[in-house]
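The values are calculated or read from the model by the stated rules, or taken from the named source; none is laboratory data. Since we're looking at a predicted model, the values are computed, not measured. All Cβ positions, glycine included, derive from the backbone under ideal geometry; neighbour counts span all protein chains shown.
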Amino acid sequence: MEQPDRYSRQTIFQGIGPEGQRRLGEGCAVVVGCGALGTVVASALARAGVGHLRVIDRDFIEYHNLQRQLLYTESDIEENLPKAVAAERHLRAANSAIEVEGVVADFSPSNAERLVEGADVIVDGLDNFETRFLVNDVARKLGIPWVYGGAIGSSGMTATFLPRERPCFRCMVNRPPAGGTLTCDTAGVVNSAPWVVGSLEAAEAFKILLGTVPASRELVVFDLWQRSFQSLPLEGVVDVKCPACAGNYEFLEGTPRTRITSLCGQNAVQIWNLAAGPMRLSEIRERLSALGPVEGSEQMIRFPVGEQELVVFYDGRTIVRGTRDEVLAKALYAKYVGM
């Protein structure tokens, strides 16, 4: 059913107008990851009338997600829905006039180019750095603008990267952090932090789809608890030796930096972050202790997560016991160890 007043409060905004609304309706946005950030971004894009929306996520919904992930409900958990399926359902219910595609998949080098095919903009809803490096590679290779965002605790940051301009994300963050980085599952998060980041990301995506307003060329950093906001020029982080800017897409086309292996004869999956180096087990143990009992020694620690158990070794390996599902193992690793 046609509803001509659906976007009326948007089209009277001078920055969009009727012509801008038409452009949004013809645009295609891909949201990679649909957790706290992704649900805010996807909801904003769908309600604004972005005509083609693809939401990619590998995970299922858990009760602790409801504290900050806006699209989901308790009934989604009772139905055991993947996030991408639930997101598609709720977004279609919010706006039946657009095309919404929920894709249950792990964004990886083998499928990245296919999953962003046709996109006018890629928006970051991720929870780990390694996949962001992959997004950066595929965006630069295919010439697609992308909007980065991250949030943890009460802080967040966001920046926009354009395919034919420097810097790129890899200029800003030269390599993935060492194993044992903080995540929302270990450090916590105030729900308003990812909501602010997601809103800023959505606004940047609108500007890219409209094509009439320059995208931001700054890194925005804030801490809501301290009420501090900063805008830092991106020009200051250009890396003249950046492989991605030189067309060397190591995360998309190079040797995998994370080796995932189902262990023969065991109900377990080994994940080895080859680029991480020695793990800071004392720091990981301290963070995980706030969530439950942690056992171990100087060489390894063990931490139960529901029906699974994570065994983290000093040399960078982690064994996820209690599953043969590599996607589940990778998700648990990203949440509790930090990919």
Residue tally, condition in a loop (DSSP other than H, G, I, E, B) and within 17 Å of Leu232 (Cα to Cα), over segment 143-164: 1
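When residues of segment 209-232 are filtered for being part of a strand (DSSP E or B), surrounded by fewer than 17 Cβ atoms within 10 Å (Cβ to Cβ) and in contact (Cβ under 8 Å) with a residue 24 or more places away in the chain, how many remain? I'd like the intermediate steps shown before the answer.
To start, the set of residues in segment 209-232 that are part of a strand (DSSP E or B) comprises 218-223, 228-232.
From the residues that got through so far, the ones that are surrounded by fewer than 17 Cβ atoms within 10 Å (Cβ to Cβ) too are 218, 221, 223, 228-232.
Those still in the list that are in contact (Cβ under 8 Å) with a residue 24 or more places away in the chain too: 218, 221, 223.
Of the residues in that region, 3 qualify.
Of the residues Glu235, Glu307, Glu298, which single one is surrounded by fewer than 19 Cβ atoms within 10 Å (Cβ to Cβ) and in contact (Cβ under 8 Å) with a residue 24 or more places away in the chain?
Step by step, each of Glu235, Glu307, Glu298 is checked, and only Glu235 is surrounded by fewer than 19 Cβ atoms within 10 Å (Cβ to Cβ) and in contact (Cβ under 8 Å) with a residue 24 or more places away in the chain.
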Selection count, segment 103-112, where residues are free of Cβ contacts under 8 Å to residues at least 60 places away in the same chain and buried (at least 19 other Cβ atoms within 10 Å of the Cβ): 1
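Per-residue answers, yes or no, for (1) out of contact with any Leu (no Cβ under 6 Å at 6 or more places or on another chain); (2) modelled with pLDDT under 95; (3) assigned by TED's automatic domain parsing to the domain that holds Gly188; (4) of a type in the set (Ser, Thr, Tyr):
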residue	(1), (2), (3), (4)
Glu201	yes, no, yes, no
Phe206	yes, no, yes, no
Thr212	yes, yes, yes, yes
Phe222	yes, no, yes, no
Ser228	yes, no, yes, yes
Val238	yes, yes, yes, no
Cys264	yes, yes, no, no
Val269	yes, yes, no, no
Asn273	yes, yes, no, no
Of all residues in segment 319-339 being of a type in the set (Ser, Thr, Tyr) and under 22 Å from Gly188 (Cα atoms), the one that is surrounded by the fewest Cβ atoms within 10 Å (Cβ to Cβ): Tyr336
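Yes/no per residue for (1) in a helix (DSSP H, G or I); (2) surrounded by 22 or more Cβ atoms within 10 Å (Cβ to Cβ):
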{"site": "Ile77", "(1), (2)": "yes, no"}
{"site": "Asn80", "(1), (2)": "no, no"}
{"site": "Ala87", "(1), (2)": "yes, yes"}
{"site": "Arg114", "(1), (2)": "yes, no"}
{"site": "Gly118", "(1), (2)": "no, no"}
{"site": "Val135", "(1), (2)": "yes, yes"}
{"site": "Ala139", "(1), (2)": "yes, yes"}
Test: residue in segment 266-281 that is free of Cβ contacts under 8 Å to residues at least 12 places away in the same chain, of a type outside the set (A, V, I, L, M, F, W, C), assigned to a loop (DSSP other than H, G, I, E, B) and under 25 Å from Glu326 (Cα atoms): no
Filter pass, Leu126 being closer than 26 Å to Ile260 by Cα and in contact with a helix residue (DSSP H, G or I) (Cβ under 7 Å, 6 or more places away or on another chain): yes
Filter pass, Arg259 being free of Cβ contacts under 8 Å to residues at least 40 places away in the same chain, in a strand (DSSP E or B) and closer than 30 Å to Pro167 by Cβ: yes
Condition broken by Gly49, with the remaining ones in (1) of a type outside the set (Lys, Arg); (2) surrounded by fewer than 18 Cβ atoms within 10 Å (Cβ to Cβ); (3) at pLDDT 95 or above; (4) assigned to a loop (DSSP other than H, G, I, E, B) satisfied: (2)
Test: residue in segment 275-283 that is at positive phi, surrounded by 17 or more Cβ atoms within 10 Å (Cβ to Cβ) and touching a Pro at 6+ places or on another chain (Cβ under 9 Å): no
Top-ranked residue in segment 283-307 [being of a type in the set (S, T, N, Q) and at pLDDT below 85; ranked as farthest from Gly338 (Cα to Cα)]: Ser297
Residue match in segment 26-38 (condition: within 16 Å of Ala94 (Cβ to Cβ), modelled with pLDDT of 95 or more and assigned to a loop (DSSP other than H, G, I, E, B)): yes
Answer from Phe251, Phe206 - the residue that is touching an Asp or Glu at 6+ places or on another chain (Cβ under 7 Å), not in a loop (DSSP other than H, G, I, E, B) and not aliphatic (A, V, I, L, M): Phe251
Segment 54-65 residues that are on the phi < 0 side of the Ramachandran plot and in a strand (DSSP E or B), paired with ones that are of a type in the set (Lys, Arg) and surrounded by 24 or more Cβ atoms within 10 Å (Cβ to Cβ) (beta carbon under 7 Å, 6 or more apart): Asp57/Lys83; Phe60/Lys83
